[in-house]
Each structure stands twice: as C-alpha cells, then as structure tokens.
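Novice: Would you mind keeping the following structure in view while I ask a few things?
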Amino acid sequence: MADEDTDERGLFAEQPAQPLARSPKKPAAAHFHGHRERLRERLRASGNEALADYELLELLLFRSIPRADTKPLAKALIDRFGSLAQVLGAPAERLAETAGVGKSIAFDLKLVAAAAQRMTKGAIKGRKVLSSWLQVLDYCRAAMAFEQREQFRILFLDKKNGLIADEVQQQGTVDHTPVYPREVVRRALELSASAIILVHNHPSGDPTPSRADIDMTRTIVDGARALGISVHDHIIIGRDGHASLKGLKLI
C-alpha cells in the first residue's frame, strides 16, 4: 500500500508545471493609423490648403485601401503625373499602369474626378457666365486640361448670357481637332443661342494659339455675326494655364 502511495506521489511529481493561461495579446495598431487621423484632423481644422497634393491624395486612397499605408502610393502617383489635378485627370488605363493601382482604385479616382467636374459645372449652370468667368475657367480646366486628345467644346448662351448647353462638338488627335464652322453656327441656331464661347485644349500643355486656331476662330466669328450670334471668346486650355483669344486681341 505504501508503495502504491509512493508511486502515486511520484506520478504527480513528474508532471511539469503548467503556466497560467494568459489573454491573447491585441495586435499592435499599424503605424499609419495615427498618421491618417492626424491628416484628417488637419483637414478638419485648417481646410484643404493645409495639406500638400500627396496628402490629399492619401486621404482619397484611404477609402480604397483601408488597411495599408497609402503614403508611398500617393507620392508615386504625384511623381508620375505631376500634381493631384493631373492624377485625377489621367486616363484610367494610365493610372492602372502604376504599381499598386488596380482597376478598382483607378475607377475610384476617376469617380472623384467626375464629381469634381460636375461640381464646377454646377457653379456656372443657370448663372450669367460672363459674371462668373473664374468659375467658367475652373470648369473648363477640370473638364479638359488633362485630356490626352484635343477636344472642341462650345458653351451656348441665352440673351442674358446664361448657360443653355455645354457640348463637346469634336474630338481629335493629340494635336488636331477638325472643326466645321457651319456646324458650330447651325447648332447655335438649333438651341436658340444668342452667344457662344469656344473652348478647346492643347494636350501638349502649352495654351498658345496656333495660326490655325486664330483663322478658324475668325471664320466662326464672321459666320455667327451674320446670323446675329456673338462669339464672346475662344479659350485654349493647357496644363500650364489658358489663353483667351479675345484677351490677346486676336478676335
């Protein structure tokens, strides 16, 4: 019996001590979480001017990439395209060529660009265009400055210079858009427009008007004037700014 007790005690003595159970550790917060909140707070406190282009782009990318550090990608996009405006204006297929940007992220960025363009258009819709000239330029830049091909756009105005319609009449190549003065005037008559503003972009970035731009504009001015339609201006949009043919006294 004593031997059995000894054996039993020995059996218990041989068992290794079991550590007390501990609560699993919570995973450490990713380093970028605090950075995100600091960016948000700066935006809330001081507005968008307090943030650099890449920081605003980081905030946009947070929505598409919720569990990763978006700073390197934001900087890579700015380095490649030049500015936040140029990132948003870039074609989706070119955005998707950047490492880390798939179709989903490219779509999200183009959605933001579309919303921004709609907002700037809303600033001039129903208002007297000539008294909202800065908003007109903002809208044209948002719509056309970073297009890869030339577009010829017309703003049709009523007797009070309110916007009736905004239409892209032609789209061409990287350095040429065919423009048909008769079609411009015909469309103005269809819409009962009293005046028009011509707009086109130079994908090269330089908005300086060419000889062909000047000659084409003068042809449209002459044809429209004969039918009582004014051409207020021809604006050329480039990434580096804009040019007004009226401001340059070319029409």
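Please treat every number below as a calculation from the coordinates, not as lab data. Just so it is clear, the structure is predicted and the values come from calculations on it, not from any experiment. Please note: Cβ atoms are built from the backbone with ideal geometry, for glycine as well, and neighbour counts cover all protein chains shown.
Novice: What ranking do Met119, Met144 get, fewest neighbouring Cβ atoms within 10 angstrom at the top?
Specialist: Neighbour counts put them in this order, fewest first: Met119, Met144.
Novice: If only Cα atoms are counted, what is the Rg of segment 172-248, and what is its Dmax, in Å?
Specialist: 12.6, 35
Novice: For segment 33-119, just the Cα atoms, rotate onto the principal axes and tell me the three extents in Å, largest first.
Specialist: 35, 29, 20
Novice: Could you tally the net charge around Gly34, taking each other residue with its Cβ under 12 Å from the Cβ of Gly34, Lys/Arg +1 and Asp/Glu -1?
Specialist: 0
Novice: Expressed as a fraction of 2.2 N^0.38 Å, the rule-of-thumb size for a compact globular protein of N residues, what is the C-alpha radius of gyration of segment 101-251?
Specialist: Normalised Rg, Cα atoms only: 1.04.
Novice: If you count, for each residue, the other Cβ atoms within 10 Å and average over each peptide, how do 150-157, 39-46 line up from highest to lowest?
Specialist: The packing order, highest mean first, is 150-157, 39-46.
Novice: I want the local charge near Gln171. Using Cβ-Cβ distances under 10 Å, sum +1 for each Lys or Arg and -1 for each Asp or Glu among the other residues.
Specialist: Neighbour charge sum, excluding Gln171 itself: 0.
Novice: Turning to a different aspect of this structure: Taking the Cα centre of each part, how many Å lie between segment 82-112 and segment 118-154?
Specialist: About 21 Å separates the Cα centre of segment 82-112 from the one of segment 118-154.
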